[in-house]
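Here is the structure we will look at, set down as structure tokens.
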Amino acid sequence: MSEYLLFWPKAAAMAYVPSSNYADIYSKALPTHDFTEVVSQLECDAQICGDGNTSMTVYPQISNDGVNWKELTGFSVMYGVGGGTTFPVKEMMKITDIGAFMRMRIKIAQGASNANAGGTLLISGAGRF
């Protein structure tokens, strides 16, 4: 059996990011304590905003108390205009390291300029019992 997990609905994840810095946006934390694995999917339908120095990476995080979070290996990095990423992006990963809760950290990084950066994402999953 499985249960649908909607970490981030198809919506924008945007932030002002200063030069040579990054901003983090977090999805809601969902209960995952009954699962043996989570198969997660990342979708990004269009070019992310920013410039060639802009990147977005999504990392799953797990926690047993909702306060202390362990970060897991993330999805592939998506780059802005001229950065080499082909859109649309659709990537899946199987996560077998499970905690009581899971959330996603969306890291938006900026290189040499200050920018409003981000993109429209859908992050979902299926928790398997």
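The values are calculated or read from the model by the stated rules, or taken from the named source; none is laboratory data. Note that the structure is a prediction, hence the values are computed from the model and not measured. Positions of Cβ are generated from backbone atoms using ideal geometry, with glycine treated the same way; all protein chains shown enter the neighbour counts.
Restricted to the range 1-16, and to residues there that are at pLDDT 90 or above and out of contact with any Gly (no Cβ under 7 Å at 6 or more places or on another chain), the residue that is nearest to S113 (Cα to Cα) is Y16. Of the residues screened, T32 is not one that is within 14 Å of the chain's Cα centre (by Cα) and among the polar types (S, T, N, Q).
Can you name every residue in the range 1-34 that is farther than 13 Å from M102 by Cβ, aliphatic (A, V, I, L, M) and surrounded by 13 or more Cβ atoms within 10 Å (Cβ to Cβ)? Break it down stepwise before answering.
Restricting attention to the range 1-34, the residues satisfying the condition of being farther than 13 Å from M102 by Cβ are 1-2, 4, 9-25.
Remaining after also requiring aliphatic (A, V, I, L, M): 1, 11-15, 17, 23, 25.
Once the filter is applied, which keeps residues that are farther than 13 Å from M102 by Cβ, aliphatic (A, V, I, L, M) and surrounded by 13 or more Cβ atoms within 10 Å (Cβ to Cβ), the range 1-34 yields A13, M14, A15, V17, A23, I25.
Just give me the residues in the range 69-128 being touching a Lys or Arg at 6+ places or on another chain (Cβ under 8 Å) and among the hydroxyl-bearing types (S, T, Y), in sequence order. Residue satisfying the conditions is T120 alone.
Scanning the range 27-62 for residues that are part of a strand (DSSP E or B) and among the small types (G, A, S) gives S40, S55.
Consider only pairs whose beta carbons are under 6 Å apart and that are at least six residues apart or on different chains; among these, list those whose first residue lies in the range 8-26 and is in a strand (DSSP E or B) and whose second residue is loosely packed, with under 15 Cβ neighbours inside 10 Å. Correct list of pairs: Y16/N116.
Across the range 42-67, the qualifying residues are those that are within 14 Å of M102 (Cβ to Cβ) and of a type in the set (S, T, N, Q), and the one among them that is surrounded by the fewest Cβ atoms within 10 Å (Cβ to Cβ) is N64.
Residue by residue through the range 113-129, note down the ones that are of a type outside the set (S, T, Y) and closer than 20 Å to D24 by Cβ.
Taking the range 113-129 first, the residues of a type outside the set (S, T, Y) are 114-119, 121-123, 125-129.
Matches in the range 113-129: N114, A115, N116, A117, G118, G119, L121, L122, I123, G125.
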